[in-house]
1. Work through the residues other than ARG153 whose Cβ is under 11 Å from its Cβ and net out their charges, Lys, Arg +1 and Asp, Glu -1.
2. Take the alpha carbon gyration tensor of the stretch 268-310, find the square roots of its eigenvalues, order them as a ≥ b ≥ c, and report rounded if a/c is under 1.5; if not, report prolate when a/b exceeds b/c, else oblate.
3. Going 7 Å from the Cα of LYS268 toward and past its Cβ, which residues in the stretch 198-229 have a backbone nitrogen under 16 Å from where you end up?
4. Could you run the Debye sum over the Cα atoms of the stretch 64-316, one equal point scatterer each and no solvent, and tell me log10 of I(q)/I(0) at q = 0.12 Å⁻¹, two decimals?
5. Rounded to whole Å, give me the distance from the Cα center of the stretch 115-159 to that of the stretch 202-238.
6. Using the Karplus curve 6.51 cos²θ - 1.76 cosθ + 1.60 with θ = phi - 60°, work out ³J(HN,Hα) for each residue of the stretch 141-153 in order, rounded to whole Hz, and write x for Gly and Pro.
7. Treat each spin label as a single point 7 Å out from the Cα along the C-beta direction, and report the ARG153 to GLU182 distance in nm.
8. Cα convex hull of the stretch 79-221: mean projected area in nm², to one decimal?
Amino acid sequence: MRFGEAWALSFLRIIVSALLCFRYEQATLSGENNLWGGMRRDCNKIRASLATAMAAWALGLVFPGAFFPAAAAQQPEAQDAAPGAAQDGAGPIAHRVVFSFDGLDDLTVYILRPAELEPAGHKVLLYFVGGGQEDRDVASMLTSNLAREAVKRGFIFVSPVAPCYSCTFVARGEDHFPALFETLAARLPMSEERFHLMGFSNGGRSSLHIGTRHPEWVASITTYPGYLRNGKYELLSGLNKTCVVMYVGEKDASFLARHKTVVRRLKKAGHPVYAKTYRREGHKIDPLWEQSGAELLMDGVENGLGCPAEETADAAE
């Protein structure tokens, strides 16, 4: 595992800043607001950075070949040296890259790839996490059953961090597309010209939101669950070459009705969709987070469920 001097120095700075935040909280409790009163926002950011640093450290333990560059992360070109770092028989290789785009916030992307890259290239699974899509949540996703299963099958697993605090790619993050598609296509050894989108909860919403706006870049969309933001159902007609797979829990009061609306609208537009409702499951469909669930999700991507050439399916389990 290689962190580099810059990463170690950054980690040390975060620890020192966290201690200052502790002093700020003590001062707040004692009424010393003059000196420390302006630190609340900074401390929130520092806590998030500390959580990210700890997640990266944990990933380094799980993936001994992981490489998280700090000083060179601003330029994607600096990542070229990493693929050659893998040894024969090594496990998956993890990267943390920060991309810069003109006129937009920087975008942090986590990548998990096979140790040995194939000359013919690899399919790319672009995964959107749920919740606020923050750095620590994306970093922890690299240790999930799904990420491991995707890489085991030869996919490159890519997961972006929302560019603003507690926002999602259904909001400001959409501005980074199709620029991120173009950048990844230029930097990654892809065997296909299009990406496979997948996400849980807000990640499922993000997958549909971005996929319907840039269908030319998207081979498939898998949500578990997800729905289309603001009822922009007219955009579904553009998915005539995109596979759509949608899972939802029977007891998911927040997503079930809107999930069904998307499925119904897709069928009305003549687009096949593989839709499955899991009985007795709520918002988080527990079976899909197990190893067998990761295999099922990846089977759907590889076998072309919900593709235009497939029959529309409706199932319950």
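Where a number appears in this text, it was derived from the coordinates with a stated rule and is not lab data. Remember, predicted model here, so these are calculated numbers, not experimental data. Neighbour counts are summed over all protein chains in view; Cβ atoms, including those assigned to glycine, are modelled from backbone coordinates with ideal geometry.
1. That works out to -1.
2. Oblate.
3. Residues 228-229 qualify, since their backbone N sits under 16 Å from the label point.
4. -0.65
5. Between the Cα centres of the stretch 115-159 and the stretch 202-238 lies a distance of 19 Å.
6. 5, 5, 9, 6, 4, 5, 4, 5, 5, 4, 5, 4, 8
7. Placing both labels 7 Å along Cα→Cβ, they lie 3.0 nm apart.
8. 8.0 nm²
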